[in-house]
1. Identify the single condition in (1) among the acidic types (Asp, Glu); (2) under 30 Å from residue 573 (Cα atoms); (3) part of a strand (DSSP E or B) that residue 122 does not satisfy, given that it satisfies every other one.
2. Please work out which residue is nearest to residue 328 (Cα to Cα), limiting yourself to region 269-281 and to residues that are touching a strand residue (DSSP E or B) at 6+ places or on another chain (Cβ under 8 Å) and open to solvent by 10 Å² or more (accessible area, probe 1.4 Å).
3. Could you list all residues from region 421-446 that are touching a Gly at 6+ places or on another chain (Cβ under 8 Å) and surrounded by 17 or more Cβ atoms within 10 Å (Cβ to Cβ)?
4. Of everything in region 650-667, what is assigned to a loop (DSSP other than H, G, I, E, B) and acidic (Asp, Glu)? Give them in sequence order.
5. Between residues in region 50-70 that are free of Cβ contacts under 8 Å to residues at least 24 places away in the same chain and within 11 Å of residue 445 (Cβ to Cβ) and residues that are open to solvent by 20 Å² or more (accessible area, probe 1.4 Å) and part of a strand (DSSP E or B), which pairs lie under 8 Å by C-beta distance while being six or more apart or on different chains?
6. Check 417, 459 and return the single one that is within 27 Å of residue 350 (Cα to Cα) and either open to solvent by less than 70 Å² (accessible area, probe 1.4 Å) or among the basic types (Lys, Arg) (or both).
7. Can you tell me which residues in region 282-295 are open to solvent by 10 Å² or more (accessible area, probe 1.4 Å) and in contact with a strand residue (DSSP E or B) (Cβ under 6 Å, 6 or more places away or on another chain)?
8. Which one of the conditions (1) buried (at least 21 other Cβ atoms within 10 Å of the Cβ); (2) assigned to a strand (DSSP E or B) does residue 696 fail to meet, given that it meets all the rest?
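The values are calculated or read from the model by the stated rules, or taken from the named source; none is laboratory data. Owing to the predicted nature of the structure, the values given are computational and were not obtained by experimental measurement. Note: ideal-geometry Cβ built from the backbone for every residue, glycine included; neighbour counts use all protein chains shown. For accessibility, only protein heavy atoms count, side chains too; no ligands or nucleic acids. Shrake-Rupley method; radii C 1.70, N 1.55, O 1.52, S 1.80 Å.
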Amino acid sequence: MTLRSLLLLSAAGGLFYAAPVLAQDAGSTELDEVVVTGSQVRQAPAYQGGQVATGGRVGMFGSQDVMDTPFTMTSYTEELARNQQARSVADVLQNDPAVRVTKGFGNFQELYVIRGFPVFSDDMTWNGLYGVLPRQFVASELVERVEVFHGATAFLNGAAPGGSGVGGAFNLTPKRAGDEPLNRLTLGWDGGDALYAAGDFSRRFDDNAWGARLNLAARDGEGVVDRENRELQVLGLGVDRRGDRARFSADIGWQNHHIDAPRPSVTPTGAVPTPPPADINFAQPWTYTDEEQLFGVARGEFDLTDDVTVWAAFGGRGGEEANVLANPRAAADGSLTAYRFDNAREDTVWSGDVGVRADLTTGAVDHRLVASASQVQLKSANAYAFSSFAGFPSNLYNPVDVAPPAPDFFVGGDLDDPLTTERSITSSVAVADQLSFLDGRILATVGARYQEVETRSYDYNTGAPLSSYEGDAITPAFAVVYKPSDRISVYANYAEALIPGKTAPAVINGIAVANANEVLDPFRGEQVEAGVKYDGGRFGGSINAFRITLPNEFFDPATAIYSAGGEQRNQGIEFAFFGQPADGLRLLGGVTLMDAEITRSINPVLEGRAPIGVADFQGNLNVEWDVPAVSGLTVEGRVVHTGSQPVTADNAVELDAWTRLDAGVRYAFEAGGKPLTLRARVENLADEDQWVAVGGYPGANYLTLGVPRTVRLSISTDF
């Protein structure tokens, strides 16, 4: 643990420990944590068992109950993340049977695959806004909810500015001060000599109308992967106002993340090599990844009348990244080749959202009319440098350290002062009507969003303009919910996804392209979905069937026309459950069955094949049990299983199915009148050596090695 991190935690703890004197006004009154349906600021309370919430953000419609939402959605809570000692959003998403976690292409970005399509970490929303979150990694200490939305969301959220999000979306909500004062300190050990410390402090003021919550965390040391040393500092501060007519929140976050010798992904050159020991590190000792991000969002809403509410949100991010990498290619016998790759990046992002919501009645039909407009602006400066592509040798099972080769073979820009190489603006306007019939038994949603995408690229060395792209599209949505009883909700929807189109090249397979340099319209993915949800008060679940088709590039040699005539089709069935079916017993999990196929391709050989990295089966089961004989003692276990995944586009090579077992125990008690909680958790209990992911970035087939057996210990106290 760095001295700076310890001083930061200590100073904050002293500041907020004094705050109860100000907060505990004798005349204060509590304001219940009531969620106003459609609120852009308030969030849903936890469901029985505390692991998931009863609802979450549904894009432009704000917060909605799960049973009223004509889409599949799960919101994981801060309590679940804390009890599982999660380090990042990826650790929380390990609980979701529809999501699998992998890495970015050539870097260490956490990347999430849902319904067989990737969602980049910088395409998640932060309190409803795109573009503001750190690009590579988001620490769990910043987050109150991890909201997982299944399916196409171009209508609800707008197109993701990074070009992902076809199969789903993720919204992270910042932590909020509860009604009771909080002073929580946590110390932990993550294996090896990796230590952890965190502080979580909150207060409410002015008759509980205003609240503030401060979170601080630091990690430092070499963990269970040999020679991989991680240093992380996190600060998050959020304030909010709960008013009858005016509601407001503002959040600022700072994250500094550095990893020395991060274990890279491996790209196979043929057959998949046997996985090496899970604690081995085949990274070169001179490699590292480093990022520092400052980001924030302010959001407010005001009730003009009892039936009309306006809202506005604004946020931004400034980030710097620097990496020295050497991601190897591997032969079947484990021999490696790699070259050095340096890059630097500086981002400036601004994001905004405004809207109005109005409730009215026409005859026997209630309406909720919503209109919104949003925009994300990105300016990115980049530079890179490669060593000779001839590379250097090593071995997957007996790594060989080499002297760092000079990164002077292929250079773009100045690593110390990169020029602006990309600018983009993603804008949209949306209107919708949510109709309610038969006292809310039938809910129908109709709407559309007009979207524009503009990008500009510039030369790395001179800053001169190189190319531009402009595209626009209208994405409609139709959905219906039927509630035959208070416990059952039947729903169906049609929605679309939107990603930027591509530019026609000059030549394909030696044939001159007739429409060379034509910019194709944005690719429009189409989704149909139907399902049933059940809420028994203590235990709930859902089952649904979906089908998503996404156009892709296509070339017809007969006409020499380059078009969006290619197509990938992902269809499947999802089943999920959650809650507390009996006192002291909590269940969380489900399964996803997937049938993914390239139905039409620019390469006819690939038609009928499954896309790289999409498994046909995924399953999760997490069980928690409060031991009746020992008050405060809880044991838990988790199983994560993923079926085989294609490694090559022709499906000739596949990755074996894999299973991971995790187990944990926690004990809550009092000592000296103060509550203490001890937590111990073992990930990969069986210490399996296994590849756990293929690719993530479309078309790439790099392999990610699973974590070794990892023991985490922590102690928390509230004072």
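1. So the condition that residue 122 fails would be (3).
2. Checking each candidate, the answer is 269.
3. Listed by number, the residues that qualify are 421, 426, 428, 430, 432.
4. So the first thing to find is which residues in region 650-667 are assigned to a loop (DSSP other than H, G, I, E, B), and the list is 650-653, 656-657.
Scanning region 650-667 gives 650, 656.
5. Hits for this filter: zero, empty list.
6. 459
7. Passing the criteria: 288, 289, 290, 292, 294.
8. (2)
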